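Here's the structure, in C-alpha coordinates; my notes come after.
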Amino acid sequence: MTETIKEVEKADSNSIGMFGWSRGGMMTYLALQKSEKIKTAIIGNGPTDLFGTINDRPEMELKVISECVPNYIENKETELKKRSVIYWADELNKNSSLLILCGTKDENVNPIQADKIAIKLKEIEYDFELMKFETDHYFTDYKTELNEVVIKWFDRKLKISANIGLAI
(Lines give C-alpha, C1' and ligand atoms only; values in the text may rest on other atoms or scores of the structure.)
Protein backbone atom coordinates (compact mmCIF):
# COMPACT_ATOMS: atom_id res chain seq x y z
CA MET A 1 0.00 0.00 0.00
CA THR A 2 2.67 2.52 0.96
CA GLU A 3 4.74 1.68 -2.11
CA THR A 4 1.81 2.62 -4.36
CA ILE A 5 1.17 5.81 -2.39
CA LYS A 6 4.80 6.84 -2.82
CA GLU A 7 4.18 6.92 -6.57
CA VAL A 8 1.54 9.64 -6.13
CA GLU A 9 3.40 12.95 -6.01
CA LYS A 10 1.14 14.79 -3.54
CA ALA A 11 0.29 11.78 -1.35
CA ASP A 12 1.57 11.53 2.22
CA SER A 13 2.29 7.89 3.04
CA ASN A 14 2.30 8.78 6.75
CA SER A 15 -1.28 10.00 6.60
CA ILE A 16 -3.41 7.32 4.95
CA GLY A 17 -7.20 7.36 5.11
CA MET A 18 -9.45 4.53 3.98
CA PHE A 19 -13.15 4.55 3.11
CA GLY A 20 -15.24 1.40 2.69
CA TRP A 21 -18.95 0.94 2.10
CA SER A 22 -20.98 -2.23 2.74
CA ARG A 23 -18.69 -5.19 1.88
CA GLY A 24 -15.94 -2.60 1.43
CA GLY A 25 -16.56 -1.67 5.07
CA MET A 26 -15.91 -5.26 6.09
CA MET A 27 -12.69 -5.12 4.05
CA THR A 28 -11.74 -1.87 5.79
CA TYR A 29 -12.10 -3.52 9.20
CA LEU A 30 -9.82 -6.29 7.93
CA ALA A 31 -7.29 -3.71 6.72
CA LEU A 32 -7.34 -2.03 10.14
CA GLN A 33 -6.63 -5.43 11.68
CA LYS A 34 -3.71 -6.23 9.40
CA SER A 35 -2.05 -2.85 8.78
CA GLU A 36 -0.55 -0.15 10.94
CA LYS A 37 -0.32 2.24 7.96
CA ILE A 38 -3.93 3.49 8.06
CA LYS A 39 -4.26 6.68 10.12
CA THR A 40 -8.06 6.80 9.97
CA ALA A 41 -10.95 5.07 8.25
CA ILE A 42 -14.62 5.58 7.48
CA ILE A 43 -16.99 2.66 7.21
CA GLY A 44 -20.50 3.07 5.84
CA ASN A 45 -23.11 0.40 6.55
CA GLY A 46 -20.47 -2.30 6.82
CA PRO A 47 -21.32 -5.72 8.22
CA THR A 48 -19.62 -6.44 11.52
CA ASP A 49 -21.10 -9.89 12.20
CA LEU A 50 -21.69 -12.19 9.23
CA PHE A 51 -23.64 -14.63 11.41
CA GLY A 52 -26.12 -11.81 11.99
CA THR A 53 -26.14 -10.97 8.29
CA ILE A 54 -27.02 -14.56 7.41
CA ASN A 55 -29.71 -14.60 10.08
CA ASP A 56 -31.25 -11.37 8.72
CA ARG A 57 -30.78 -12.25 5.04
CA PRO A 58 -30.43 -16.03 4.54
CA GLU A 59 -30.09 -15.58 0.77
CA MET A 60 -26.71 -13.90 1.34
CA GLU A 61 -25.22 -17.21 2.45
CA LEU A 62 -26.12 -19.06 -0.75
CA LYS A 63 -25.83 -16.25 -3.29
CA VAL A 64 -22.81 -14.37 -1.97
CA ILE A 65 -20.86 -15.78 0.96
CA SER A 66 -20.63 -19.41 -0.17
CA GLU A 67 -19.64 -18.20 -3.66
CA CYS A 68 -16.98 -15.70 -2.51
CA VAL A 69 -15.38 -17.35 0.52
CA PRO A 70 -12.90 -20.15 -0.21
CA ASN A 71 -13.62 -23.42 1.62
CA TYR A 72 -16.76 -21.90 3.11
CA ILE A 73 -18.81 -25.10 3.32
CA GLU A 74 -16.01 -26.99 5.11
CA ASN A 75 -15.03 -24.12 7.45
CA LYS A 76 -18.17 -22.02 7.82
CA GLU A 77 -17.72 -20.88 11.45
CA THR A 78 -14.00 -20.12 11.10
CA GLU A 79 -14.46 -18.22 7.83
CA LEU A 80 -17.38 -16.14 9.14
CA LYS A 81 -15.49 -15.21 12.31
CA LYS A 82 -12.39 -14.21 10.29
CA ARG A 83 -14.55 -11.65 8.44
CA SER A 84 -16.62 -10.45 11.44
CA VAL A 85 -14.88 -7.66 13.36
CA ILE A 86 -17.18 -8.16 16.35
CA TYR A 87 -15.04 -11.21 17.25
CA TRP A 88 -11.63 -9.51 17.01
CA ALA A 89 -12.19 -5.78 17.50
CA ASP A 90 -9.32 -5.74 20.00
CA GLU A 91 -6.96 -6.56 17.09
CA LEU A 92 -7.72 -3.30 15.23
CA ASN A 93 -4.78 -0.92 14.87
CA LYS A 94 -4.83 1.06 18.13
CA ASN A 95 -3.15 4.06 16.47
CA SER A 96 -5.94 4.49 13.96
CA SER A 97 -9.35 6.12 14.32
CA LEU A 98 -12.69 5.20 12.83
CA LEU A 99 -15.92 6.85 11.77
CA ILE A 100 -18.88 4.48 11.44
CA LEU A 101 -21.78 5.72 9.32
CA CYS A 102 -25.10 3.95 9.76
CA GLY A 103 -28.36 4.25 7.88
CA THR A 104 -31.09 3.44 10.40
CA LYS A 105 -33.39 2.23 7.60
CA ASP A 106 -30.75 -0.04 6.05
CA GLU A 107 -32.32 -3.28 4.82
CA ASN A 108 -29.02 -4.74 3.60
CA VAL A 109 -27.01 -4.53 6.83
CA ASN A 110 -29.04 -4.45 10.02
CA PRO A 111 -28.31 -1.15 11.85
CA ILE A 112 -28.01 -3.17 15.08
CA GLN A 113 -24.62 -4.31 13.79
CA ALA A 114 -23.31 -0.73 14.01
CA ASP A 115 -24.64 -0.44 17.57
CA LYS A 116 -23.01 -3.69 18.63
CA ILE A 117 -19.58 -2.82 17.24
CA ALA A 118 -19.84 0.64 18.84
CA ILE A 119 -20.40 -1.00 22.23
CA LYS A 120 -17.40 -3.27 21.65
CA LEU A 121 -15.16 -0.38 20.52
CA LYS A 122 -16.16 1.67 23.54
CA GLU A 123 -15.27 -1.24 25.84
CA ILE A 124 -11.76 -1.41 24.39
CA GLU A 125 -11.43 2.40 24.35
CA TYR A 126 -10.94 2.59 20.59
CA ASP A 127 -10.91 6.04 18.97
CA PHE A 128 -14.19 6.04 17.01
CA GLU A 129 -17.43 7.87 16.36
CA LEU A 130 -20.78 6.44 15.28
CA MET A 131 -23.06 8.67 13.22
CA LYS A 132 -26.58 7.59 12.38
CA PHE A 133 -28.77 8.93 9.60
CA GLU A 134 -32.42 8.17 9.01
CA THR A 135 -31.84 6.69 5.57
CA ASP A 136 -31.28 3.49 3.61
CA HIS A 137 -28.18 1.44 2.82
CA TYR A 138 -27.12 3.84 0.05
CA PHE A 139 -27.79 7.08 1.96
CA THR A 140 -30.16 7.94 -0.89
CA ASP A 141 -31.53 11.13 0.68
CA TYR A 142 -28.26 12.16 2.33
CA LYS A 143 -25.65 12.27 -0.44
CA THR A 144 -24.70 15.91 0.20
CA GLU A 145 -24.51 15.41 3.97
CA LEU A 146 -22.51 12.22 3.46
CA ASN A 147 -19.94 14.00 1.28
CA GLU A 148 -19.61 16.79 3.86
CA VAL A 149 -19.13 14.34 6.74
CA VAL A 150 -16.48 12.37 4.84
CA ILE A 151 -14.51 15.47 3.85
CA LYS A 152 -14.67 16.94 7.37
CA TRP A 153 -13.57 13.66 8.97
CA PHE A 154 -10.57 13.22 6.69
CA ASP A 155 -9.65 16.91 7.01
CA ARG A 156 -9.77 16.67 10.80
CA LYS A 157 -8.06 13.31 11.21
CA LEU A 158 -5.47 13.45 8.45
CA LYS A 159 -4.52 17.11 8.22
CA ILE A 160 -4.15 17.53 11.98
CA SER A 161 -1.63 14.70 12.12
CA ALA A 162 0.23 16.20 9.16
CA ASN A 163 0.33 19.60 10.88
CA ILE A 164 1.60 18.08 14.12
CA GLY A 165 4.38 16.43 12.14
CA LEU A 166 5.32 19.80 10.67
CA ALA A 167 5.35 21.51 14.06
CA ILE A 168 7.83 19.10 15.56
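The values are calculated or read from the model by the stated rules, or taken from the named source; none is laboratory data. Everything quoted here is computed from the prediction, not taken from an experiment. When we count neighbours, we look across all protein chains shown, and the Cβ atoms used for this are built from the backbone with ideal geometry, even at glycine.
Of note:
- Of the candidates Gly46, Gly25, Gly52, the single residue that is at pLDDT 95 or above, assigned to a helix (DSSP H, G or I), within 18 Å of Lys120 (Cβ to Cβ) and touching a helix residue (DSSP H, G or I) at 6+ places or on another chain (Cβ under 8 Å) is Gly52.
One line per residue, one yes/no per condition, for (1) part of a loop (DSSP other than H, G, I, E, B); (2) touching a residue at least 12 places away in the same chain (Cβ under 8 Å); (3) surrounded by fewer than 21 Cβ atoms within 10 Å (Cβ to Cβ):
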residue	(1), (2), (3)
Ile42	no, yes, no
Asn71	yes, no, yes
Glu74	yes, no, yes
Asp90	no, yes, yes
Leu101	no, yes, no
Asn108	yes, yes, yes
Gln113	no, yes, no
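- Selection count where residues are small (Gly, Ala, Ser) and buried (at least 16 other Cβ atoms within 10 Å of the Cβ), scope the range 25-40: 2
- Of the criteria (1) modelled with pLDDT of 95 or more; (2) touching a Lys or Arg at 6+ places or on another chain (Cβ under 7 Å); (3) over 17 Å from Thr28 (Cβ atoms), which one Ser161 fails: (1)
- Any hit, the range 129-138, residues being surrounded by fewer than 16 Cβ atoms within 10 Å (Cβ to Cβ), assigned to a loop (DSSP other than H, G, I, E, B) and either of a type outside the set (Asp, Glu) or within 17 Å of the chain's Cα centre (by Cα) (or both): no
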